[in-house]
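Everything below concerns the one structure shown next.
A short reminder: the numbers here are calculations on the coordinates, not readings from a lab. Values in this document were obtained by computation on a predicted structure and should not be read as measured data. Cβ placement follows ideal geometry from the backbone for every residue including glycine, while neighbour counts extend to all protein chains displayed.
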Amino acid sequence: MVEEKITVIKSYSEDETVSWGKILGGLLKAGDIVGLRGDLGAGKTCFVKGVADGLGIPEDQYVASPTFTLINEYRGRVTLYHFDLYRIQNEKEIVGLGYEEYLFGNGLVIIEWAEKMLRFLPEEHLLIEIERVNDKKRNFIFTGRGRWYSEIVKHIEERQKYQYSFSNFLSEGG
Ligand SMILES: Nc1ncnc2c1ncn2[C@@H]1O[C@H](COP(=O)(O)OP(=O)(O)OP(=O)(O)O)[C@@H](O)[C@H]1O
Ligand SMILES: [Mg+2]
């Protein structure tokens, strides 16, 4: 088993989810692979918007749920390939996508409904599961598989610790 690092990040609003996406986008590089899991309306697309921002993708390349296109491409500091596998019914359809070109190309791949193609992903990747706690609150469970992605997850965890201690400092009137 490759090195693995897991952490839970909490978000209390859509804006906060975009901010976490942006932080992650700032850490990632071309060739990276990120899978997203979470029910309808969990916040996957919202998170991808933040990642796109972190990659320096101009806002006019609007990031939406690609309802009919399974793969959207956005150009920034790094090209982002945004997969949305919601409509995929079986593994045969995955094979028909020609996904290898993207996974082993020179852009960053982010996949909504990643569980549908987990078997086709390289062993080393970042997986993010989004749990809907209530209307506004979401838990993001980051799992980094492999050294590079484990480092990314450690970084995200540090950011959250720092954020907590800062908000405690403020609430204590510091
Ligand atoms: N903390 C939060 N983070 C993200 N979205 C939130 C949060 N709280 C509420 N929301 C709302 O949840 C919805 C998330 O929508 P989004 O399209 O990102 O979900 P999705 O997981 O991509 O869904 P789908 O499976 O349909 O593609 C938005 O309407 C957003 O306003
Ligand atoms: Mg979506």
- Query: Distance from the Cα centre of segment 112-141 to that of segment 10-40, in angstrom?
  - Reply: 10 Å
- Message: Could you work out how much longer the chain between VAL95 and LEU40 gets when fully extended? Use 0.36 nm per residue separation minus the Cα distance between them, nm to one decimal.
- Response: 17.4 nm
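Tell me, in nm to one decimal, what length is gained between TYR62 and PHE104 on full extension, where the rule is 0.36 nm per residue of separation less the Cα-Cα distance?
12.7 nm
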- Percent relative contact order of segment 97-154, based on C-alpha pairs within less than 8 angstrom and at least six residues apart? 24 percent
- Item | Estimated distance in nm for a label pair at GLN163 and ILE6, the labels positioned 7 Å out from Cα along Cα-to-Cβ | 2.0 nm
- Item | FRET efficiency, ASP15 to GLU115 (Cβ-Cβ, R0 22 Å, nearest 0.05) | 0.25
- Message: Run lengths n ≥ 4 of DSSP H only: what is the helix-derived mean residue ellipticity at 222 nm for the chain, with -39500 (n - 2.57) per run over all residues, to the nearest 500?
- Response: -10500 deg cm²/dmol
- Message: With 10 angstrom as the radius, rank LYS154, LYS49 by how many other C-beta atoms surround their C-beta, starting from the fewest.
- Response: LYS154, LYS49
- Task: Give, as a single signed number, the net charge of other residues whose beta carbon lies under 14 Å from the beta carbon of PHE83, with Lys and Arg counted +1 and Asp and Glu -1.
- Result: -4
- Item | Relative contact order, percent, the chain [alpha-carbon distance under 8 Å, six or more residues apart] | 34 percent
- Query: Among 109-117, 26-34, 123-131, what's the highest-first ranking by average C-beta atoms within 10 angstrom per residue?
  - Reply: 109-117, 123-131, 26-34
- Hey, which aspartates and glutamates would be in cross-link range of LYS116, C-alpha to C-alpha under 19 Å, not counting anything within fewer than 8 residues on its own chain? ASP32, ASP39, ASP84, GLU91, GLU93, GLU100, GLU101, GLU124, GLU129, GLU131
- Starting with the highest mean, order 163-169, 94-100 by the number of other Cβ atoms within 10 Å, averaged over the residues of each peptide. 94-100, 163-169
- Message: Under 23 Å between alpha carbons, and skipping anything fewer than 8 positions from LYS10 in its own chain: which lysines qualify?
- Response: LYS22, LYS44, LYS49, LYS136, LYS137, LYS154, LYS161
- segment 25-98: GluC sites (Glu not before Pro) in DSSP loop, at most 16 other beta carbons within 10 Å: GLU59
- Query: Residue separation times 0.36 nm, minus the C-alpha to C-alpha distance between LYS29 and VAL133: what's the value?
  - Reply: 34.4 nm
